[in-house]
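In what follows, a structure is listed as structure tokens, so that the remarks can point back to it.
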Amino acid sequence: MNKLPVTLIVNGREYKLTVDANERLLDTLRLQLRLTGTKEGCGVGECGACSVILDGQLVNSCMVLTAQCDGARVETVEGLGTATKLHPLQQAFIDYNAVQCGFCTPGMLMAAKALLDKNPDPSEAEIRQGLSGVLCRCTGYKQIADAVKAAAREEK
Amino acid sequence: MTTYFAPSTLSEAVAYIHENQTAKIIAGGTDLLVKRYEELDSMTGFMDISHLAELKNIKTGEEVQIGAMVTHGEIAGHPWLLQHVPLLCQGAAAVGGPQIRNRGTLGGNLANASPAADLAPPLIVLGAVAELAGPQHQVPLEEFFSGPGKTIMQPNQIITGVKFTKPAANQGWAYLKLGKRKAMAIATASVAVLVAVEDGQLTDLRICLGSVAPVPSRAKKTEELLRGQRLDSLELAAAQAQLQAEISPIDDIRGSAEYRRQAAGPLFRRALLQAIKNAGVEPDA
């Protein structure tokens, strides 16, 4: 296998890595960096559980080769908040019961963060569109949309 | 051994793919990494063209040129295109979800050659020409697709962009997509319509449908039937029947052939009326 040197800046920290040519960003995050907050759901870009923010853009990390990301900045759910100091989105997800099984939550949080980074005061329709690439099979989407709206108010 | 190569210029890319025709060209990866999910471990190699700056331009004006590495998100949100070619922006906005639109590219959408490709019907009614490199070639997009997943491109060719003439002021447009849900759905049927209206007459029109034939296809007999008709006496029922007669849908996971044929009629009718309205005329029908 052709090994490639890749530098990634993940949640503000620089990593010098060696990756396979066919290695997905998702696998680099989970297996090399042990950042297992990012989940693999479908593996084919349908469910959005693996969503991360790559150079400011929301992407499915299962559909990006790490080799394509040399020098890129990656934000994952681990970079949002800490157990003692939650990000306003994380607190709002708790307050609005926007979590049930939790598997889609990292993807939902990153989709919400990408949305609020670009549009701090989104309408209901814009929130729904911003979250539309992530599937939730248990909570229902209303609580999640409400949580994002509340977090947007909080951050204002 | 899987290899990875990221050329820094188009000529480097052309030279590389000429020597390494089994390498898969990757950009956003949103189709390739789905199709090849099971084969990721046995791929020969990738050539990553997503960083080629010369394929990322949008040239505006009377002649519009869009580079192959422009993403769906960039098209959907481009201020000039939104004002002058909203039809294309609507096609781009219909692709997948935000994650897919941030990665997927115009070139990828066309090269992947899905009969359901959301950019193809709008671009075909706009009369777009696909531009290929190494051997250089220009081909009307209408003639670019040769079957599901197949194009007329040679293994050593790369799609570098599309160009088309900016629609005139008397032209109206619509793109409608029928899918299971708004986000992340692949079209069960889709239709783009571009009309030209003068003095209450439909002087010209182009209709292109997706997902109802092996390739995105013009409905030329329906166009012919409607061309020249007065807006106050459009033969809509006849046009709809003609359209349903000239498409060739198949049964698949997203819908049956019969359903597609049924649904394509009203979908087209709605698109046509919307297009006429967008040309600044209130249709009677």
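Please go through (1) within 20 Å of B:Thr30 (Cβ to Cβ); (2) free of Cβ contacts under 8 Å to residues at least 24 places away in the same chain for B:Ala187 and return the number of the only condition it doesn't satisfy.
All conditions are met except number (2).
Is it true that A:Gln100 is more than 9 Å from every other protein chain (Cβ to nearest Cβ), surrounded by fewer than 24 Cβ atoms within 10 Å (Cβ to Cβ) and within 16 Å of the chain's Cα centre (by Cα)?
No: the conditions fail for A:Gln100.
State yes or no: is B:Gly134 within 13 Å of B:Ala68 (Cα to Cα), touching a residue at least 40 places away in the same chain (Cβ under 8 Å) and not assigned by TED's automatic domain parsing to the domain that holds B:Val215?
no
Scan segment B:232-285 for residues that are of a type in the set (Phe, Trp, Tyr) and either under 16 Å from B:Ser217 (Cβ atoms) or in contact with a Gly (Cβ under 6 Å, 6 or more places away or on another chain) (or both) and jot them down.
B:Phe268
Just one of A:Thr105, A:Thr38 is β-branched (Val, Ile, Thr), touching a helix residue (DSSP H, G or I) at 6+ places or on another chain (Cβ under 7 Å), within 24 Å of A:Ile144 (Cα to Cα) and outside the structural domain of A:Ala151 (by TED's automatic domain parsing); which is it? Walk me through how you get there before you give the answer.
Numbers: A:Thr105 fails: outside the structural domain of A:Ala151 (by TED's automatic domain parsing).
The conditions single out A:Thr38.
Kindly indicate whether A:Thr36 is more than 7 Å from chain B (Cβ to nearest Cβ), open to solvent by less than 10 Å² (accessible area, probe 1.4 Å) and at pLDDT 95 or above.
Taking the combined requirement at face value, the residue does not satisfy it.
Pairs please, first residue from segment B:238-256 and under 14 Å from B:Leu272 (Cβ atoms), second anywhere and at pLDDT 90 or above and of a type in the set (Gly, Ala, Ser), Cβ atoms under 6 Å, 6+ apart in sequence or on different chains.
Sorted first by the residue in segment B:238-256, then by its partner, the pairs are B:Gln240/B:Gly265; B:Leu243/B:Ala219; B:Gln244/B:Gly265.
Residue by residue through segment B:197-214, note down the ones that are part of a strand (DSSP E or B) and open to solvent by 10 Å² or more (accessible area, probe 1.4 Å). Give the derivation first.
The first filter runs over segment B:197-214 and keeps only residues part of a strand (DSSP E or B), leaving B:197-198, B:201-210.
Correct list: B:Val197, B:Glu198, B:Gln201, B:Thr203, B:Asp204, B:Arg206.
Answer yes or no as to whether B:His51 is open to solvent by 40 Å² or more (accessible area, probe 1.4 Å) and away from chain A (no Cβ under 13 Å).
The answer is no for B:His51.
Applying the selection to segment B:146-182, what residues are in contact with a Ser or Thr (Cβ under 6 Å, 6 or more places away or on another chain) and closer than 28 Å to B:Thr9 by Cα?
B:Ile152
Filter segment A:45-61 down to the residues that are more than 7 Å from chain B (Cβ to nearest Cβ) and without any contact (Cβ under 8 Å) to a residue 40 or more places away in the chain and list them by number.
The answer is A:Leu54, A:Asp55, A:Ser61.
Restricting segment B:235-255 to residues that are modelled with pLDDT under 95 and open to solvent by less than 30 Å² (accessible area, probe 1.4 Å), which is nearest to B:Glu142 (Cα to Cα)?
Going through the qualifying residues, I end up with B:Ile247.
Tell me which strands (runs of 3 or more DSSP E) are completely within segment B:128-188 and hold 1 or more residues being on the phi > 0 side of the Ramachandran plot and surrounded by 14 or more Cβ atoms within 10 Å (Cβ to Cβ), or say none if there are none.
Output list reads B:158-165.
Can you tell me how many residues within segment A:1-33 are within 14 Å of another protein chain (Cβ to nearest Cβ), part of a loop (DSSP other than H, G, I, E, B) and either closer than 21 Å to A:Gly56 by Cα or of a type in the set (Gly, Ala, Ser) (or both)?
Number satisfying all stated conditions: 1.
Quick one: which of B:Leu87, B:Leu33, B:Leu40 is closer than 19 Å to B:Gly161 by Cβ and part of a helix (DSSP H, G or I)? Explain how you work it out, then say what you get.
Working: B:Leu33 fails: closer than 19 Å to B:Gly161 by Cβ; B:Leu40 fails: closer than 19 Å to B:Gly161 by Cβ.
That would be B:Leu87, the only listed residue that is closer than 19 Å to B:Gly161 by Cβ and part of a helix (DSSP H, G or I).
The values are calculated or read from the model by the stated rules, or taken from the named source; none is laboratory data. Just so you know, these numbers come straight off a predicted model, no measurement behind them. Positions of Cβ are backbone-derived with ideal geometry, glycine not excepted, and every protein chain shown enters the neighbour counts. Ligands, DNA and RNA are stripped out before the accessible areas are found, and what is left, the full protein with its side chains, is counted by its heavy atoms. Shrake-Rupley method; radii C 1.70, N 1.55, O 1.52, S 1.80 Å.
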